[in-house]
Amino acid sequence: MGVRGVTNDMAISPSMKVESSEVKNKIEDALKRSAQAEGRKIGVMVSGQKVTLTGNVHSYSEMDVATLAAYNAPGVSSVENELKLSA
């Protein structure tokens with residue numbers, strides 16, 4: 001018999017409150033420091049704990065760098081990636 005399924009209903013909530021403008025600035029600064037991401041061409045919108053990335057990138061690795069920069073900002077619990085790959 002054994003285990004037939006597991007349901008994970010856990011949610012992680014950040015223990016600290018961070019202002020949206022502070023989160024946006026930290027993400028934009030991280031993108032500007034990255035050699036792989038053209039931070040000036042990536043739009044960052046913050047609503048509560050959710051970050052939305054918009055704009056065009058030149059590669060999947062640039063998209064990954066931007067997404068990781070957003071996830072690593074304090075207070076962020078979700079990232080919506082609306083970046084488009086351009087040639």
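Taking only pairs six or more apart or across chains, which ones have beta-carbon atoms under 7 Å, a first residue in segment 20-41 that is more than 13 Å from LEU53 (Cβ to Cβ) and modelled with pLDDT under 65, and a second residue that is surrounded by 16 or more Cβ atoms within 10 Å (Cβ to Cβ) and of a type outside the set (Asp, Glu)?
From residues that are more than 13 Å from LEU53 (Cβ to Cβ) and modelled with pLDDT under 65, the pairs are GLN36/VAL65.
List pairs: first residue in segment 58-77 and surrounded by fewer than 17 Cβ atoms within 10 Å (Cβ to Cβ), second residue of a type in the set (Asp, Glu) and outside any helix (DSSP H, G or I) anywhere in the structure, Cβ distance under 9 angstrom, at least six positions apart or on different chains.
HIS58/GLU38
Quick check on segment 76-87. Is at least one of its residues among the acidic types (Asp, Glu), touching a strand residue (DSSP E or B) at 6+ places or on another chain (Cβ under 8 Å) and modelled with pLDDT under 90?
Taking segment 76-87 first, the residues among the acidic types (Asp, Glu) are 80, 82.
Adding the requirement that they be touching a strand residue (DSSP E or B) at 6+ places or on another chain (Cβ under 8 Å) leaves 80, 82.
Now narrow it down to the ones that are modelled with pLDDT under 90: none.
No, every residue in segment 76-87 fails to be among the acidic types (Asp, Glu), touching a strand residue (DSSP E or B) at 6+ places or on another chain (Cβ under 8 Å) and modelled with pLDDT under 90.
Could you check LEU53 against (1) assigned to a strand (DSSP E or B); (2) at pLDDT below 90; (3) of a type outside the set (Phe, Trp, Tyr) and say which number it fails?
(2)
The values are calculated or read from the model by the stated rules, or taken from the named source; none is laboratory data. If you're wondering where the values come from, they're calculated on a predicted model, not measured in any experiment. Positions of Cβ are generated from backbone atoms using ideal geometry, with glycine treated the same way; all protein chains shown enter the neighbour counts.
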